[in-house]
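A.B. asks: Below is one structure. I have some questions about it.
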Amino acid sequence: MLGGDFERLAGAAIHAREVFDGRTIWQVSSTSRGGGVAEMLQSYLPFASGAGVDMRWLVLHESERFFEVTKRIHNLLHGYPGDGGSLGEDEVRLYEEASAKSGACLTEMISPDDIVFLHDPQTAGLVPAVKESGATVIWRCHIGVDQSNPHVDEAIAFLAQYVGQADGCVFSRPDYIWDCLAVGRIYIVHPAIDPFSPKNQALDEDVINDILTTLGVREGIRPESPPRFQRADGTTGQVERRAEVLQSGLIPDAVPLIAQVSRWDLLKDHGGLMTAFAEFAPGNDAHLALIGPSSGAVSDDPEGEAVYTLLKDQWQKLDCDISDRIHIINLPMDDLDENAVMVNALQRRADILVQKSIAEGFGLTVAEGMWKGRPVVASAVGGIRDQIVDGESGILIEDPRDLSAFADAFRRLLADPELARSMGEAATARVTQNFLSLPRLADYADLLIKVESADRA
């Protein structure tokens, strides 16, 4: 499968070099760290550069108030009220003033022949400025829900006036397409993971153990020399930093581990997972790890620290026999490759991976866990449905708030190691066939050529 992907990508790269020779493809996002968008861009740029395509990445630098508004839009697009605030005249004024300043800076750098990808609600307000410059502009939406509701409608009404001016719009799933957009300029591209990145590369068991000991979550003596890994640029990196961990004790080697990796976000429902684990925990010795980025390190997510504080309060109120087996892990973000390999090691240590999202645009952490051969128990929402075949490559829980269903899934997998093994193998095969980054790069090359053809027509 990978051989065919390389051949397709090589052909697409040759065509792209011919079509876009002398032009720059710009990627604009709201942050360079934390979340699937940043991770995908970190993987795509080296591939594009190696293919001879001039691709560059810009990150918004906006106020805390701006990111409060765009987080509100983010939550609304997931069908969730978030902080309960409005998208009224004050929010429109703030959003447009910030977008006008950033748009002016952006258009000073781009030329009319360039192509600009704008990612998610934070960048939608830049569409008019890019369009006016003469450059081709494509808005990429990584967010959506299976069924609309008034919250979703409010967010779409806020953004549509900007997004509607784009030369093309890209969504992760057909269900996410907005009815108000011109059909001929809409494209579907699934997100994907990079199998060669520090987050997904193979790790020896000794390296995994050394990383977990270095982090401060595993029993054992910290290794004399830091564990090593291969960075995204091919050089050798070392894991040296400790995590900030809320725990009563360390994770013993012999016990089963259930883990969820995600931002500290209410929609990821860490609190619900903690409650489900408390229901499941009696009668076994399993531990639970909730793993996320350092709570103040993701610039476009102002709710992270508040969510972490809520989890801390919930953990402190649990009975000691439960809280002693729960580990809330803040991973340092000083070195993104180091952070990625920390996640990799924790995912590979886990016996079961979870994604208990209330809503989810796609959920690349699901594909990451599947790639590593782990059974994933996840909410049957959004793009998670596209990744897991229920009962074959993981377990889907139809109601994300059904705590007993999650607890039952944990019991089932830990009681039947052969079932867990077979699901893990099927999961790896499914990701290999559908959710690796090389085919997606070729998809984007094809998409750009289609947009160019539509503009010329």
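The values are calculated or read from the model by the stated rules, or taken from the named source; none is laboratory data. The shown structure was predicted, so the numbers you read here are calculated from the model rather than taken from an experiment. When we count neighbours, we look across all protein chains shown, and the Cβ atoms used for this are built from the backbone with ideal geometry, even at glycine. For the accessible areas, the whole protein counts, side chains as well, though only heavy atoms, and no ligand, DNA or RNA atoms are used. Shrake-Rupley method; radii C 1.70, N 1.55, O 1.52, S 1.80 Å.
A.B. asks: Give me Rg over Rh for region 38-113, both radii from the alpha carbons and Rh done the Kirkwood way, two decimal places.
C.D. replies: 1.09
A.B. asks: Work the Kirkwood hydrodynamic radius out for region 195-308: mean of 1/r over every pair of different alpha-carbon atoms, inverted, in Å.
C.D. replies: So the Kirkwood estimate lands at 16.1 Å.
A.B. asks: If you count only protein heavy atoms with a 1.4 Å probe, what accessible area per residue comes out for region 166-310, rounded to a whole Å²?
C.D. replies: 42 Å²
A.B. asks: Ranked highest first by the average count of other Cβ atoms within 10 Å around their residues, in what order do 140-146, 46-52 fall?
C.D. replies: With the highest mean Cβ count within 10 Å placed first, the list reads 140-146, 46-52.
A.B. asks: Please give every one of the lysines within straight-line cross-link reach of LYS317, meaning a C-alpha to C-alpha distance under 28 Å, and leave out same-chain neighbours fewer than 8 residues apart.
C.D. replies: In chain and number order, the partners are LYS268, LYS356.
A.B. asks: Determine the relative contact order of the chain: mean sequence separation of Cα pairs under 8 Å and six or more apart, normalised by residue count, in whole percent.
C.D. replies: Result for the chain is 16 percent.
A.B. asks: While we're looking at this one, here's another question. Taking a ≥ b ≥ c as the square roots of the eigenvalues of the Cα gyration tensor of the chain, is the shape rounded (a/c under 1.5), prolate (a/b larger than b/c) or oblate?
C.D. replies: Judged from the Cα gyration tensor, the chain comes out prolate (a/c at least 1.5, a/b above b/c).
A.B. asks: Mind ranking 424-432, 103-111, 358-366 by how tightly packed they are, going by the mean number of other C-beta atoms within 10 angstrom, highest first?
C.D. replies: Ranked by mean Cβ neighbours within 10 Å, highest first: 358-366, 424-432, 103-111.
A.B. asks: Per DSSP H run of n ≥ 4, the term is -39500 (n - 2.57); total these for the chain, divide by its residue number, and report the mean residue ellipticity at 222 nm rounded to 500 deg cm²/dmol.
C.D. replies: -14500 deg cm²/dmol
A.B. asks: Counting only DSSP beta bridges with both residues in the chain, tell me the antiparallel percent, nearest 5.
C.D. replies: 10 percent
A.B. asks: Compute the distance from the alpha-carbon center of region 52-86 to that of region 358-373, in whole Å.
C.D. replies: When both Cα centres are located, 21 Å separates them.
A.B. asks: Another question, then. Quick one: Cα centre-to-centre distance for region 154-198 and region 87-109, in angstrom?
C.D. replies: Region 154-198 and region 87-109 have Cα centres spaced 20 Å from each other.
A.B. asks: Same structure again: Can you report the principal axis dimensions of region 110-183 using only the alpha carbons, biggest first, rounded to whole angstrom?
C.D. replies: Per principal axis, max minus min of the Cα coordinates gives 39, 21, 21 Å.
A.B. asks: Within the chain, what whole-number % of the accessible surface is contributed by carbon and sulfur, with the 1.4 Å probe and all protein chains included in the calculation?
C.D. replies: Of all accessible area on the chain, carbon and sulfur atoms account for 49 percent.
A.B. asks: Whole percent per 5 Å bin, from 0 to the bin with the longest distance: what is P(r) over all C-alpha pairs of region 219-258?
C.D. replies: Histogramming region 219-258 at 5 Å steps yields 5, 16, 17, 20, 20, 14, 7, 1 percent.
A.B. asks: Given axes a ≥ b ≥ c from the Cα gyration tensor, I'd like to know whether region 324-457 is rounded (a/c under 1.5), prolate (a/b larger than b/c) or oblate.
C.D. replies: Taking the square roots of the gyration eigenvalues as a ≥ b ≥ c, region 324-457 is prolate.
A.B. asks: When only DSSP loop residues count, what trypsin sites (Lys or Arg not before Pro) in region 207-275 have their Cβ near at most 16 other Cβ atoms within 10 Å?
C.D. replies: ARG242
A.B. asks: Let me ask you something else. Using the Cα centre of region 118-259 as origin and beta-carbon charges of +1 (Lys, Arg) and -1 (Asp, Glu), tell me which of VAL189, TRP139, GLY216 is placed farthest towards the positive end of the dipole.
C.D. replies: Towards the positive end, the residue furthest out is TRP139.
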